[in-house]
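These notes are about the structure you will find just below.
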Amino acid sequence: MKNQPIRGMKDIYSDEMRKYISIIDAAVKVGQKYGYDLIETPIVEYTDVFTRAIGTETDVVSKEMYTFSDRNGESITLRPEGTAGVVRAIISNNIINLGPVKYMYYGPMFRYDRPQKGRYRQFHQIGFENIGFSSEYEDAMTIAMAVEILNCVGIFNIKVHVNSIGDEETRSIYTSKIIDYFTKYENELSEDSKRRLKTNPMRILDSKDRGDQKIAQDAPKLSDSLTNDAKAYFNKVCELLEYYKIKFIIDQFLVRGLDYYCHTAFEIKTDDKSIGSVCGGGRYDKLVQMLGGPSVSGIGFAYGAERIMSIMENCSIKQNKIAVVPVSDDENMEAFSLLTKLHDANICAEFFNDGNIKKRMKMADKFNCSIAFIIGEDEIKTNKIKVKFMNDTNENNEILIDKDYAIRFALHLISQKI
């Protein structure tokens, strides 16, 4: 028996789990403000859901999917991303026939990729799909929402990259140009890019190979191939982003190589180059139809939760939790009585009465309590409670309060997120 997780998979617990939950809470809160409902789709889907949606020539499908046959001989796949499953769900449940929908989801995804910082073979995505709404305004709101969620978990040092992939006419013109350009350097391209040159040449622009990147620097710019309609669409999106006071970079090398993408594409990056992008999204106006549904537009994005958590790695998520600490066993019942009243008021509180007072306070700190209510002999005599602020390193971080005021005081501190 191997007492270790499978390579590229990890356990999430304690402070990391609190970070994960805090990201989900922020996403749900902001998502609901923008009109999104929650949806949960199965972890496994028929393989063709992903091959049709993502494409057989992509690295995800050709190299990274966990695909196997079930007992009936059906080819099924652990989901490598969330969009295809959500689109399949709204088609198979006839939801799309009722009109436009907005759904958000979160949960584990699976890709057989090389493990590295913020990237695992089982990872967690938090995603949003806006299906049936088509306008520049929806694009701008989608990007604004993605930024707001990151801000809600304390991440502000980000760069928003945007680009236009254009419409079908744009892609047709541009594809011809870059085929001509990269054909001249075919012998110098990586093996993956040589293959992409014949199947999906736009994806060469997104290559991680340094040699490919050097060649791509002088490739034709997609912006030079935009039709007038595509230019007007993108210019309007940029104008609307300014209403949100979002600073953005127009990134000519930001592409979505799949056929169903069009117009707006965006990524949110950090200064940590080992992590790169923490969020990516774009408009996909053909995907629903490609999966057997009606011809409706869509735009969506997803976060990699582990990538966000790694940015938060130096932050400890303190819970608004109160430690109830009797100084000695003589005060156990008085302190326990207070604990039950805190629980009755729906206040998160824990009881520490093992060992001496020093050990009890260490346990309160270990369990991430932000406040300690300490009850000793003197406190009982005077009907008081000693309050210690655990996060405060100053010597004068304790106060006395009346016992009868304890519940109201606790509620006030929690509302202030102390």
Only unsatisfied item for residue 346, checking (1) surrounded by fewer than 19 Cβ atoms within 10 Å (Cβ to Cβ); (2) on the phi < 0 side of the Ramachandran plot, is (2)
Quick check: is even one residue across segment 123-142 in contact with a Leu (Cβ under 8 Å, 6 or more places away or on another chain), over 27 Å from residue 203 (Cα atoms) and either of a type in the set (Ser, Thr, Tyr) or crowded, with 22+ Cβ neighbours inside 10 Å (or both)? yes
Tell me which residues, restricted to segment 253-277, are surrounded by fewer than 16 Cβ atoms within 10 Å (Cβ to Cβ) and among the polar types (S, T, N, Q). 274
Exactly one condition in (1) in contact (Cβ under 8 Å) with a residue 12 or more places away in the chain; (2) under 23 Å from residue 143 (Cα atoms); (3) among the charged types (D, E, K, R) is false for residue 45; which is it? (2)
Given the condition touching a helix residue (DSSP H, G or I) at 6+ places or on another chain (Cβ under 7 Å), within 16 Å of residue 266 (Cβ to Cβ), hydrophobic (A, V, I, L, M, F, W, C) and in the same structural domain as residue 21 (by TED's automatic domain parsing), answer yes or no: does some residue in segment 132-140 qualify? yes
Filter segment 249-269 down to residues that are touching a His at 6+ places or on another chain (Cβ under 7 Å) and hydrophobic (A, V, I, L, M, F, W, C) and give me whichever is modelled with the lowest pLDDT. 254
Where a residue in segment 133-158 is farther than 14 Å from residue 34 by Cβ and its partner, wherever it lies, is crowded, with 18+ Cβ neighbours inside 10 Å and acidic (Asp, Glu), with Cβ under 8 Å and at least six apart: 134/285
Which residue pairs have Cβ atoms under 9 Å apart, sit 6 or more places apart or on different chains, and have a first residue in segment 216-245 that is at pLDDT 95 or above and a second that is among the basic types (Lys, Arg)? 241/247
Only one of 128, 156, 123 is more than 27 Å from residue 293 (Cβ to Cβ), in a strand (DSSP E or B) and in the same structural domain as residue 231 (by TED's automatic domain parsing), namely 123
Conditions (1) at pLDDT 95 or above; (2) outside the structural domain of residue 119 (by TED's automatic domain parsing): number failed by residue 316: (1)
Selected residue (criterion: farthest from residue 89 (Cα to Cα)) from residues of segment 278-308 that are surrounded by fewer than 17 Cβ atoms within 10 Å (Cβ to Cβ) and without any contact (Cβ under 8 Å) to a residue 40 or more places away in the chain: 295
How many residues are over 16 Å from residue 284 (Cβ atoms), under 25 Å from the mean Cα position of the chain (by Cα) and not hydrophobic (A, V, I, L, M, F, W, C) when one looks only at segment 52-72? 6
Test: residue in segment 147-161 that is in contact with a Leu (Cβ under 6 Å, 6 or more places away or on another chain) and either at pLDDT 95 or above or basic (Lys, Arg) (or both): yes
Counting only residues that are β-branched (Val, Ile, Thr) and within 20 Å of residue 59 (Cβ to Cβ), which one in segment 183-231 is surrounded by the fewest Cβ atoms within 10 Å (Cβ to Cβ)? 199
Report yes if residue 179 is part of a helix (DSSP H, G or I) and crowded, with 16+ Cβ neighbours inside 10 Å, otherwise no. no
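So that you can scan it fast, the table gives a plain yes or no per residue for (1) of a type in the set (Gly, Ala, Ser); (2) touching a residue at least 60 places away in the same chain (Cβ under 8 Å); (3) surrounded by 12 or more Cβ atoms within 10 Å (Cβ to Cβ):
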residue: 10; (1), (2), (3): no, yes, yes
residue: 15; (1), (2), (3): no, yes, yes
residue: 27; (1), (2), (3): yes, yes, yes
residue: 39; (1), (2), (3): no, yes, yes
residue: 69; (1), (2), (3): yes, no, no
residue: 72; (1), (2), (3): no, no, no
residue: 78; (1), (2), (3): no, no, yes
residue: 88; (1), (2), (3): no, yes, yes
residue: 92; (1), (2), (3): yes, no, yes
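The values are calculated or read from the model by the stated rules, or taken from the named source; none is laboratory data. Just so it is clear, the model here is predicted, and its values are computed rather than measured. Cβ atoms come from the backbone with ideal geometry, glycine included; neighbour counts cover every protein chain shown.
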